[in-house]
Amino acid sequence: MKKILIICLLLVSMLIVSCKQTEGPKEPVVTISIVEDTVLDYYYIDEFNITTISIEVNTDGSKEIISLTPLLIENYPSELLVGENTLTINYEGVKKELKINIIEREFYTEGLQFVLNEQGNKYYISGYTGIDCDVVIPSIFNHLEVEGIKSYAFSGNNKIESIYIPDSVKVIYPNAFSNCLSLNNVRLSNNCSEIGDAAFYFCDNLRSVIIPKSVESIGDYAFYNIRLVYTDKEDISSWNTKAFDDNLVCIHKGLDLSKIIKENDFEFYVDATATLLCYLGNSSEVEIPETVKDVPLTVIGEAAFIQVSDLEEVTISNNIISINDRAFRETGLTYVEIPASVKEIGVYSFSGCEYLEIVKFNEGLEVIKRSAFAACPKLTHAILPDTLTTIDQYGFQNCHSLKQVYIPISVTYIGEGTFYSVGKANLYIEAATAPDTWHPNYSPSAAKKLFGSTRDDLE
């Protein structure tokens, strides 16, 4: 329930101002619009910084704006709530009880520039000259809806870190937020239907974005360099395939967006169990929590840490069952321990970690999927657990420094090229001979295959 600071200690003088405004208010303003002299539409702004209350009154068919002081208001409630409220005012010596309907809370950010559309019935954001890092666009300005954000309105602004786009906005035009290098958080309108070319192009700190199902059209490179997209839309065939950086982008479809929670530097999806969707920080050491809102965190989601170059060490909690595709791809990890709870390591999950030297595997792991540790040039050892059954194709390909690999007898499948380009690594294989289910080209001839080995044979 939304509350508003009570009107005591407001202005001590009454001012008459014009209804017509050309720019947004310089200070937060509460505006009450009377409809048929009895019901008011009540828009209020910034509950902690109210300096003026204005009321639009019908008198003899005309409209005017008056400022209300505490002396003009009698018997007002201790708080004003969303929904119907009653105020008693004294206007021109006549006491009048008025019902008000609080329909919406609005915040303004200073420095927003507004232009009318050709019909003169909607406003668009055309620019921003303010200094605030967190920008909130109102849905109502001068009693008219704010319907769109014009091309280049915020382009090149390196101060903005977050932007709130209200549900009144239908269109975001090309390059509206391009090259906003500090932008890391965007709340899109739930009624937005069109996002133009390069709208968020090269917003390098924007790792993730929630795109509502209302969006039908997304232009070329609208979210270039984005990493994670969440949407409640099941069918995204209408979205332009060039809207994202196709090489790395991960799109989570059909989500209940109300279940996405931001906490500290993480984004989670919380249902019966929780999934870590995205890490938003830049720490060198990260500890993944065991629970979120008292719900066990069991999955590290697809691309959750992708390209977090500052990340050197991560502590994975013992509740994690699955590390999904590309979860730690191209990070700065130097060491990682896979806890016993983890059953599966996804496709490309640690690939391209060029500083990764040590991976500690614990009993419990069953599947290493395709290219999971490919292109980790500093990885030297892979001592695999006795619970492992599957190493999919190219699992350790191009690990040029790999010297020792221990493959337990539990491994029933090794895919093609799993150990390609590992130099002259020693493959300590517990089985006396290679099972028929192993691909014949799982390793190059340069690798030394030591069948019938035990862990004691490791150098």
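May I ask you to verify whether Ser237 is at pLDDT below 95, more than 27 Å from Ile358 (Cβ to Cβ) and among the small types (Gly, Ala, Ser)?
Answer is yes for this residue.
All but one of (1) surrounded by fewer than 16 Cβ atoms within 10 Å (Cβ to Cβ); (2) under 37 Å from the mean Cα position of the chain (by Cα) hold for Gly452, so report the exception by its number.
In the conditions (1) surrounded by fewer than 16 Cβ atoms within 10 Å (Cβ to Cβ); (2) under 37 Å from the mean Cα position of the chain (by Cα), Gly452 misses (2) alone.
On the given criteria, is Cys399 farther than 25 Å from Ser453 by Cα and either part of a loop (DSSP other than H, G, I, E, B) or out of contact with any His (no Cβ under 7 Å at 6 or more places or on another chain) (or both)? Step through it out loud before you land on a result.
Working: farther than 25 Å from Ser453 by Cα: no; either part of a loop (DSSP other than H, G, I, E, B) or out of contact with any His (no Cβ under 7 Å at 6 or more places or on another chain) (or both): yes.
No; evaluated as a whole, the condition is false for this residue.
Hey, any hits in segment 254-264 for a residue that's crowded, with 22+ Cβ neighbours inside 10 Å and part of a strand (DSSP E or B)? Walk me through how you get there before you give the answer.
Initially, segment 254-264 is screened for residues crowded, with 22+ Cβ neighbours inside 10 Å, giving none.
No; the residues of segment 254-264 include none that is crowded, with 22+ Cβ neighbours inside 10 Å and part of a strand (DSSP E or B).
Can you work out which of the residues in segment 153-178 that are charged (D, E, K, R) and more than 14 Å from the chain's Cα centre (by Cα) is surrounded by the fewest Cβ atoms within 10 Å (Cβ to Cβ)? Explain how you work it out, then say what you get.
Step one: of segment 153-178, the residues charged (D, E, K, R) are 159, 161, 167, 170.
With more than 14 Å from the chain's Cα centre (by Cα) added as a condition, the list becomes 159, 167, 170.
Working: Lys159: 14, Asp167: 16, Lys170: 17.
So, considering only residues that are charged (D, E, K, R) and more than 14 Å from the chain's Cα centre (by Cα), the one surrounded by the fewest Cβ atoms within 10 Å (Cβ to Cβ) is Lys159.
For Lys259, all conditions in the list (1) touching a strand residue (DSSP E or B) at 6+ places or on another chain (Cβ under 9 Å); (2) at pLDDT 95 or above hold save one; what is the number of the exception?
(2) is the only condition that Lys259 fails.
Among residues belonging to segment 348-358 that are crowded, with 20+ Cβ neighbours inside 10 Å and out of contact with any Phe, Trp or Tyr (no Cβ under 7 Å at 6 or more places or on another chain), point out the one that is nearest to Leu388 (Cα to Cα). Give the derivation first.
Our first condition is that a residue be crowded, with 20+ Cβ neighbours inside 10 Å; within segment 348-358, this holds for 348-353, 356.
With the extra rule that they be out of contact with any Phe, Trp or Tyr (no Cβ under 7 Å at 6 or more places or on another chain), the set shrinks to 348, 352.
On the way: Tyr348: 18, Gly352: 23 Å.
Of everything passing the filter in segment 348-358, Tyr348 is nearest to Leu388 (Cα to Cα).
Of the residues His400, His381, only one is farther than 18 Å from Trp438 by Cβ and in contact with a Gly (Cβ under 9 Å, 6 or more places away or on another chain); which?
On the way: His381 fails: in contact with a Gly (Cβ under 9 Å, 6 or more places away or on another chain).
Exactly one residue qualifies, and that residue is His400.
Working only within segment 376-391, note down all residues that are in a loop (DSSP other than H, G, I, E, B) and surrounded by 19 or more Cβ atoms within 10 Å (Cβ to Cβ). Break it down stepwise before answering.
First pass over segment 376-391, keeping only residues in a loop (DSSP other than H, G, I, E, B): 376-380, 384-389.
Residues satisfying the conditions are Cys376, Leu379, Leu384, Leu388.
Among what's in segment 199-247 and is of a type in the set (S, T, N, Q) and in contact with a Cys (Cβ under 9 Å, 6 or more places away or on another chain), pick the residue that is surrounded by the most Cβ atoms within 10 Å (Cβ to Cβ). Spell out how you get there, then give the answer.
Let us first name the residues in segment 199-247 that are of a type in the set (S, T, N, Q), namely 205, 208, 214, 217, 225, 231, 237-238, 240-241, 247.
Next, only the ones that are in contact with a Cys (Cβ under 9 Å, 6 or more places away or on another chain) stay: 205, 208, 214, 225.
Values: Asn205: 14, Ser208: 23, Ser214: 16, Asn225: 18.
So the residue we want is Ser208.
Considering segment 179-198 alone, what residues qualify as being under 17 Å from Tyr124 (Cβ atoms) and either buried (at least 18 other Cβ atoms within 10 Å of the Cβ) or within 12 Å of the chain's Cα centre (by Cα) (or both)?
Of everything in segment 179-198, those that are under 17 Å from Tyr124 (Cβ atoms) and either buried (at least 18 other Cβ atoms within 10 Å of the Cβ) or within 12 Å of the chain's Cα centre (by Cα) (or both) turn out to be Leu188, Ser189, Cys192, Ile195, Gly196.
Have a look at Ser371, Ser410, Ser443, Ser401 and point out the one that is farther than 24 Å from Ala303 by Cα, among the polar types (S, T, N, Q) and surrounded by 17 or more Cβ atoms within 10 Å (Cβ to Cβ).
Values: Ser371 fails: farther than 24 Å from Ala303 by Cα; Ser410 fails: surrounded by 17 or more Cβ atoms within 10 Å (Cβ to Cβ); Ser401 fails: surrounded by 17 or more Cβ atoms within 10 Å (Cβ to Cβ).
Answer to the selection: Ser443.
Take the residues in segment 112-144 that are over 18 Å from Tyr164 (Cβ atoms) and touching a residue at least 60 places away in the same chain (Cβ under 8 Å), then tell me which one is surrounded by the most Cβ atoms within 10 Å (Cβ to Cβ).
Asn142
The values are calculated or read from the model by the stated rules, or taken from the named source; none is laboratory data. Every value quoted in this text rests on a predicted model; they were computed, and no experiment measured them. Positions of Cβ are generated from backbone atoms using ideal geometry, with glycine treated the same way; all protein chains shown enter the neighbour counts.
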